[in-house]
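Quick notes on the structure that follows.
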Amino acid sequence: MDHFLYRDGALYAEDVPLTDIAAAVGTPFYVYSTATLLRHFQLFDEALEGTDHLVCYAMKAASNQAILRTLAQAGAGMDVVSMGEYLRAKAAGVPGEKIVFSGVGKTAEEIRVALEGGVRQFNVESEPEMEAINTVALSLGKVAPITIRVNPDVDAKTHAKIATGKSENKFGIPIARASAVYAHAAALPGLQVVGIDVHIGSQLTDLAPFEAAYQKVADLTERLRAEGHDIRRLDLGGGLGIPYTRSNEAPPLPLDYGALIKRTLGHLGCEIEIEPGRLIAGNAGLMVSRVIYVKSGEGRDFLILDGAMNDLIRPAMYDAHHDIVPVIEPEPGVEPQPYDIVGPVCETGDTFAKGRLMPPLAAGDLVAFRSAGAYGAVMSSEYNTRPLIPEVLVNGDQFAVIRARPSFDEIINRDTIPVWL
Ligand SMILES: *Cc1c(COP(=O)(O)O)cnc(C)c1O
C-alpha cells in the first residue's frame with residue numbers, strides 16, 4: 001500500500017500534486033511519502049507485537065537523514081553497514097544503543113568509531129573480524145557486544161546478486177562451524193556474545209526460505225545455550241520482498257512473516273531484531289522524470305527521458321522491473337502503445353523498459369517510476385557528469401527538499417588539478 005494516487009486526473013504524493021514538486025525542483029527527482037514509510041515500519045512493529053523486539057531499518061535502502069529521523073521518531077533502530085552510515089544515523093539523531101553494525105569487512109577505524117559513539121551490537125562476519133573487534137575494544141578499555149552471522153546454507157530463491165545465504169556466498173560463518181567460532185569468541189575478553197545473526201538475501205517473495213533458516217537458528221540457539229553461551233538476542237536480517245508490479249505479484253505480508261518468527265523462534269524467549277530495508281522504503285518512493293523527446297525508430301518508438309541509469313540503476317544492474325506511469329492520468333479509453341523507455345546516457349544498458357505499454361506521450365510530459373524508494377537514490381552516481389538528483393519528502397500537504405541538486409560548479413570544483421599541470 002502506498003500514498004501515491006491519482007486525484008482529479010493527476011498523480012499525487014499524499015496531498016501534494018507531483019506537478020507542483022516538478023515545478024519547484026525541476027526533473028528528475030526522487031519523492032518519498034512519510035505516511036507510507038511510517039505505515040511500512042508499523043506493519044513490522046505490529047507483526048512482532050507481544051515479543052520483545054526492535055525493528056532496525058536497513059538504511060542502505062534509502063539513507064537520507066530526513067527518512068532516518070522520520071523512522072527513528074517512530075521508534076525504529078538502524079542497521080548500518082559502513083562508518084558513513086553509522087555517522088549518518090548518529091547525525092539524524094539515532095542513539096548508539098539502537099544502531100546495529102553489519103557489513104562484511106568492518107575496518108579497525110569503523111569499529112573504533114562505533115565503540116566510541118555507542119553501538120547496540122556488531123554482527124560479526126568472520127573470525128579475523130572478530131579478532132579485530134576484540135583488539136580495538138581492548139585498546140579502548142571496552143567490551144564489544146556481538147552476534148555472529150551464520151550462513152544457514154538455504155537458497156533464498158531471489159536474484160543471484162542479492163542472495164546471501166548459500167554456503168558459496170561470502171557472508172557469515174558456516175553454521176556447521178558455529179560451535180567452534182562461538183567458543184573462540186567466548187575466549188576473547190574484549191567481546192560479549194549476545195546472540196545470533198542471520199540474513200539470507202533480499203527481495204524474497206516466499207516465506208519458505210525464511211522458515212528453513214529460522215528453524216536452523218532455533219536449533220543453533222539451543223545447541224549454543226547448552227554449550228554455555230548467553231544467546232538472548234536473535235537478529236533475523238531483512239529481505240522481505242515487495243510487489244514491483246501492481247498486477248501479478250503478492251509477496252508475503254509482514255504480519256505472516258511475524259507469525260512465522262513467533263512460530264519458529266518464539267519459544268526461546270529471545271529478543272528479536274529484524275532489519276527490513278526494501279519493504280520500508282521501496283514503495284514509499286518514486287522517481288519522477290520528464291520526456292525530453294519521442295523518437296520514432298525501426299518498428300518502435302523511444303521515450304527519451306531526462307532520468308537515466310545513473311539516477312536509477314536497478315533495471316541495468318538487476319534487470320529490475322519498475323512500473324512507469326504518466327503523471328497526468330490518461331483519459332479513459334485511450335489506446336496504449338508500446339515504447340522503449342530510455343535515458344540519455346551513451347550505453348545500451350541505459351534502458352528502463354522495452355515495449356512498455358503506455359498512453360501516448362509527448363515531449364514535456366512527466367512520468368513516475370514506482371517502487372523506486374529503495375536502492376534508488378542511494379545507488380545513483382554522477383556518471384556522465386549528471387548531477388545527483390534531488391530528494392523530496394512529502395508529509396501531508398507539505399513537501400521539503402531533503403537533498404538539493406548540486407550545481408555544476410560544486411561538481412566540477414571537487415576535482416583538483418596537480419601542480420605540474
Ligand atoms: C541489505 C541488508 C538488509 C536489508 O535487506 P532488504 O532486502 O532491503 O530488506 C538487512 N540486513 C543486512 C545485513 C543486509 O545486508
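Here, each number is a calculation from the coordinates, and none is a lab measurement. Everything numeric here is computed off the predicted structure, so don't read it as measured data. When we count neighbours, we look across all protein chains shown, and the Cβ atoms used for this are built from the backbone with ideal geometry, even at glycine.
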Beta bridge orientation in the chain: antiparallel %, DSSP, nearest 5: 50 percent
Dipole magnitude (debye, nearest 20) for the range 305-393, charges at Cβ of Lys, Arg, Asp, Glu: 180 debye
Most positive-pole-ward Cα, LEU265, GLY105, PHE122, against dipole of the range 103-274 from beta carbon charges: LEU265
Per residue convex hull volume, Cα atoms of the chain, in Å³: 165 Å³
Under the span-like rule (Cα at least 15 Å along the axis, Kyte-Doolittle mean at least 0.0), DSSP H helices of the chain: 34-47, 127-139, 254-265
Antiparallel bridges, percent of DSSP beta bridges restricted to the range 103-274 (to nearest 5): 5 percent
Against the rule of thumb 2.2 N^0.38 Å, how large the Cα Rg of the range 80-129 comes out: 1.02
Hull-based mean projected area of the range 190-262, where the convex hull spans the alpha carbons, in square nanometres: 5.8 nm²
Close Lys-Lys pairs in the range 103-274, where close means Cα under 18 Å and separation is 8 or more or interchain: 8
Simple Cβ-charge dipole of the chain, Lys/Arg +1 and Asp/Glu -1, about Cα centre, in debye nearest 20: 620 debye
Descending principal axes extents, the range 1-154, alpha-carbon based, whole Å: 62, 38, 30
Residue (of ALA363, VAL80, PRO189) at the positive-pole extreme of the chain, dipole from beta-carbon charges: PRO189
Cβ-based net charge around ILE231, under 15 Å, with every Lys or Arg adding one and every Asp or Glu removing one: -3
Cross-link reach list, lysines versus LYS295, counting only Cα pairs under 20 Å and skipping chain neighbours closer than eight places: LYS354
Residue-count net charge about ILE133 - beta-carbon cut-off 11 Å; Lys, Arg +1, Asp, Glu -1: -2
Average projection area in nm² (convex hull over Cα atoms of the range 103-274, one quarter of hull surface): 10.3 nm²
Rh by Kirkwood over Cα pairs, then Stokes-Einstein D for the range 233-357 at 0.890 mPa s and 25 °C, µm²/s: 140 µm²/s
Local electrostatic count at ASP197 - Lys and Arg +1, Asp and Glu -1, tallied over other residues with Cβ under 12 Å: -2
Loop trypsin sites (Lys or Arg not before Pro), the range 83-170, which have at most 10 other Cβ atoms in a 10 Å radius of their Cβ (DSSP): LYS170
The range 52-101 - Rg over Rh from alpha carbon coordinates, Kirkwood radius: 0.90
Range in the chain, longest, excluding exposed GluC sites (Glu not before Pro) [loop by DSSP; at most 16 other beta-carbon atoms within 10 Å]: 50-167
The range 103-274, dipole about Cα centre (Lys/Arg Cβ +1, Asp/Glu Cβ -1), debye to the nearest 20: 140 debye
